[in-house]
Amino acid sequence: MPVRTLTAALAALMLTVAVAQAAPKGKDPAPAPEAKAAPQMDAAQHQAMLDEMMKMAAPGPEHAALKPMEGTWKAVVKSWFAPGQPEVNEGVSENRMILGGRYLEQHMTGTMMGMPFEGYGLTGYDNLAKRYVFMWVDNMGTGLMTGGGSMDEAGRTLTTTTTTPGPDGKPADVRTVTKIVDENTHVYSMYGQVGGQEQLMMEITYTRQ
């Protein structure tokens, strides 16, 4: 059964169940409308659709721009939890390109505020949306951070934005900048809004091991 026809049949079945559950007891539910079969594609249309799907799924130069950050890195983390000197911690970040070069996977371990730290992230380029996208999780919280942005023309600076809960629980805007300094160094900076002004919250310097 073609995928579109199968989807229509499943939708009809779900509608039938929903009507049955909503019907008053002791009365027969109204019959569900008959699902109409979707029009069939000819061979040329089917091939054109597959070609477009493969094009959208293929890694390109935007994905290759992430490859310089692949490898094992010493991470020096500076965090500004309050005005003044930052707290400094160290860790190790294992980065690799996965899924055919479509995503940069990051697994970081170290310490934070005197406690063991572990984080995991993915960064990629969405061909359809035409923007870089990322996700990040770690053991310092239970939320999933996601966002997106763009790379400069030189392919050396990636800037992204996201929204995360602030200290007061309200949504707060966050901007991140990753600069590829050279083949052995890149620097990640995170900026947040404090009193209506953007301030540096975290800076991580990665040095290739």
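All of the numbers you see were taken from the coordinates with simple rules; none came from a lab. All values derive from a computational prediction rather than experimental measurement. As a convention, Cβ positions derive from the backbone with ideal geometry for all residues, glycine included, and neighbour counts pool all protein chains shown.
Tabulate in residue order the Karplus-calculated ³J(HN,Hα) for region 194-209, using 6.51 cos²θ - 1.76 cosθ + 1.60 with θ = phi - 60°, rounded to whole Hz; enter x for Gly and Pro.
Along region 194-209, the couplings run 10, x, x, 10, 7, 9, 5, 9, 8, 9, 10, 9, 9, 10, 5, 8 Hz.
Search the structure for amide H atoms under 5 Å from the amide H of Phe117, placed 1.01 Å from N in the peptide plane, and list their residues when 5 or more places away or on another chain.
Counting only residues 5 or more places away or on other chains, the set is Gly110, Thr111, Met112.
Do any chymotrypsin sites (Phe, Trp or Tyr not before Pro) in region 51-111 lie in a loop, going by DSSP, with at most 12 other beta-carbon atoms within 10 Å of their beta carbon, and if so which?
Phe81
Specify, per residue and in Å³, the volume enclosed by the convex hull of the alpha carbon atoms belonging to region 62-208.
Given the Cα convex hull of region 62-208, per-residue volume reads 122 Å³.
Which whole-number percent is the relative contact order of region 128-209 (Cα, under 8 Å, 6+ apart)?
Over region 128-209, the number comes to 17 percent.
Among the listed pairs Lys78/Lys179; Lys55/Lys179; Lys78/Lys170; Lys74/Lys170; Lys130/Lys170, give every one whose C-alpha distance is greater than 22 Å.
Lys55/Lys179; Lys78/Lys170; Lys74/Lys170; Lys130/Lys170
Filter the trypsin sites (Lys or Arg not before Pro) in region 146-192 to those in DSSP coil with at most 16 other Cβ atoms within 10 Å of their Cβ, and list the result.
Here the trypsin sites (Lys or Arg not before Pro) that fit, given the DSSP loop and packing criteria, are Arg156.
For labels at Gln45 and Met113 in the simple 7 Å Cα→Cβ model, what's the distance in nm?
5.7
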